[in-house]
Amino acid sequence: MAGVSAGQPDSTAPRDVRQTFLADCAVCHGAEGNGTSRGPSLIGVGRASVDYQLSTGRMPLAVVGRTNDQEGSPLQPLPNSAAGDSDIVPRRHDPAYTPETIAGLVDYIAGVIGGGGPEIPRVGEGNLAEGGALFRQQCAACHAWAGDGGALLRIEAPALHSATTTQIAEAIRLGPGQMPVFGTAALTDAQMDSVVAYVRYLDQPRDRGGQRLWHLGPFAEGAVALVALAGLLLFTRWIGERG
Amino acid sequence: MTAHGAGSAPERVAGDDGAERRAERRVAVLFLLSSASAVALTIVYWRGGQPQLEGLFLGLALGGVACGFVVWGNRLLPQGPFVDERHEMASSETEVEGAEDDFEQGGLITRRKLVVRSLGLAVGGLGVAALFPIRSLGPSPGRTLVQTPWRAGLRLVTEDGRPVRTIDVPLEGLVTVFPEGFPGSADGQAVLVRVAPGLVKPAAARQDWSPDGFIAYSKICTHAGCPVGLYQADTHQLLCPCHQSTFDVLHHARPQDGPAAAPLPQLPLSITPEGFLVARGDFSEPVGPSFWHRS
């Protein structure tokens, strides 16, 4: 079986991938990938960007049978006539394509449409403690200390729990959407590895020191204080009634 | 007495001279205890302080005054309840005279010299004790409010001390920077962003402060001093997480939204031939929330 399929991807994949590109991508990005009024040019965006957008299900924008901002189940590419609205903010979904198709589209866009741009980053081991410190300095302002995301202006920074190692590294180096780019001045490659390790850790953190209180952070302690305050009020009232 | 109307004052020791004197002495002792505690508190504080002792003495000083007032009120002042017929609002002539007499001779309160003097001592002692913590306010801030470590020629470094090179900051990039030699400096921290050079709309006197689209602003919000660490790269807005103040990076960080009234101070930059970013001086204004000397 391996022998039968071994030669096939090389001969058939480019044509399939080209068809997928023309069917699903070209309606907004143009057949040559140089952009239309609906979508930006793909020339020189780089392999990392294509991989990030497709593997996080942010692209393609269009879906069948439900609105775009429902997160979760896989996307189905629409026929060209019903392409997504370019005003929609891309959000995370299960990818519309198999990993093989995504790899093919990455190669197609980088190779045929136009090269350049950042490569898909390789992520090393990383140091969890250093990653935690860097995360709190550079990421937590928007994504919150537990990686749950948070409010910005009219948009929100997404939660990070379902991001894979490669996707986190891609987001750091690419700055998709409103996110700024964190270059090697902000995070060296080794520091980036550490941040990626810490973000992965945040998906299943070991909560020491008692009740996690939904990872609300300092608010949780404030909430506990409020409960204690209510008890104190009742106690005061009890004293007052006795007098 | 006249001021208290016709009701007799039952259950109080007035009249019983012996009991009255005993009560008076007790009040005086309590006030003197308070005064002595306040003096002791002052001495302990002066000699370097010891929190438990200070707490004890402060408690004794305040408690002594409180207990003294309680005894005074219970034993030496007329006790209620008083039943009184409603009378004309204006006092009769004899009442007015009586009140004036009381006032001139020292009425219910001023008559008790021992009690009043010891109270004066207690309150005075507490006042003196309260004077000393003024020393603990520390030295005058001096020029530190208007200066940061930034000087002309200092390179921009990251928190771990690496100098920032232009090639390490991609377009739409964001780096938190410090003056070289002062990594982690609280008042010197700044956000460096890189935007497409044509986009920057610098203020009149700041035309050459942002070479190649590199712009740096103080990271300390001008509203309440929080770190302005949120950056929306597409719309070029810096956000403060505390009260949602928003600053427009392209227009000298003028405030767009939220409670901040002043723009973020800008750090003038230049690029060395080796490709390092360096400051050309201190921030355009004192950093942080507005204060009274700041114009």
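Key figures for this structure:
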| quantity | calculated |
| --- | --- |
| Fewest-first ranking of A:Thr20, B:Thr235, B:Thr148, using other Cβ atoms within 10 Å as the exposure measure | B:Thr235, A:Thr20, B:Thr148 |
| Shielding score for B:130-143, defined as the mean number of other chain Cβ atoms within 10 Å | 0 |
| Derived scalar couplings ³J(HN,Hα) [the stretch A:141-152; Karplus, 6.51 cos²θ - 1.76 cosθ + 1.60; whole Hz; x for Gly, Pro] | 4, 9, 8, 6, 5, 9, x, 8, x, x, 7, 10 |
| Residue-by-residue Karplus 3J(HN,Hα) for the stretch A:127-134, coefficients 6.51, -1.76, 1.60, Hz, glycine and proline x | 10, 4, 5, 4, x, x, 4, 5 |
| Cut-off of 10 Å, at most 10 other beta carbons, DSSP loop: longest stretch of chain B lacking such chymotrypsin sites (Phe, Trp or Tyr not before Pro) | B:1-290 |
| Least to most buried among B:Ser140, A:Ser55 (fewest other Cβ within 10 Å first) | B:Ser140, A:Ser55 |
| Per-residue mean of C-beta atoms belonging to partner chains within 10 Å, peptide A:136-143 | 3 |
| For the stretch B:202-254 and the stretch A:116-156, distance of Cα centres in Å | 21 |
| Residues with amide H under 5 Å from that of B:Gln256, placed H, sequence gap 5 or more | B:Thr246, B:Phe247, B:Asp248 |
| Kirkwood-Stokes translational diffusion coefficient of chain B, alpha-carbon pairs, 10 °C, 1.306 mPa s, µm²/s | 63 |
| Electrostatic dipole magnitude of the protein assembly as shown [Cβ: Lys, Arg +1; Asp, Glu -1; Cα centre; debye, to 20] | 1060 |
| Unit charges at the beta carbon, dipole of chain B: most positive-side option, B:Ala203, B:Ser270, B:Leu250 | B:Ser270 |
| DSSP H segments from chain B that extend 15 Å or more along their own axis, Cα-based, with Kyte-Doolittle mean of -0.5 or above | B:17-46, B:51-71, B:113-131 |
| The stretch A:20-25 - phi-based ³J(HN,Hα) in whole Hz, Karplus 6.51/-1.76/1.60, Gly and Pro as x | 4, 4, 5, 6, 10, 9 |
| Value in Å of the Kirkwood radius, where the protein assembly as shown supplies the Cα pairs that are averaged | 30.2 |
| Projected label distance in nm at B:Ile271 and A:Glu241, using a 7 Å step from Cα toward the beta-carbon | 7.4 |
| The stretch B:175-217: mean projected area of Cα convex hull, nm² | 3.5 |
| Shielding of B:163-176 by partner chains, average beta-carbon count, 10 Å | 5 |
| Sequence of A:Arg91, A:Arg208 once ranked by neighbouring C-beta atoms within 10 Å, starting from the fewest | A:Arg208, A:Arg91 |
| D (Stokes-Einstein, µm²/s), Kirkwood Cα radius, the stretch B:132-195, 1.567 mPa s at 4 °C | 95 |
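No value in this document is a laboratory result; all are computed from the given coordinates. Being a predicted model, the structure only gives us computed values, none of them experimental. Quick reminder, even Gly has a Cβ in these numbers, built from the backbone with ideal geometry, and neighbours come from all protein chains shown.
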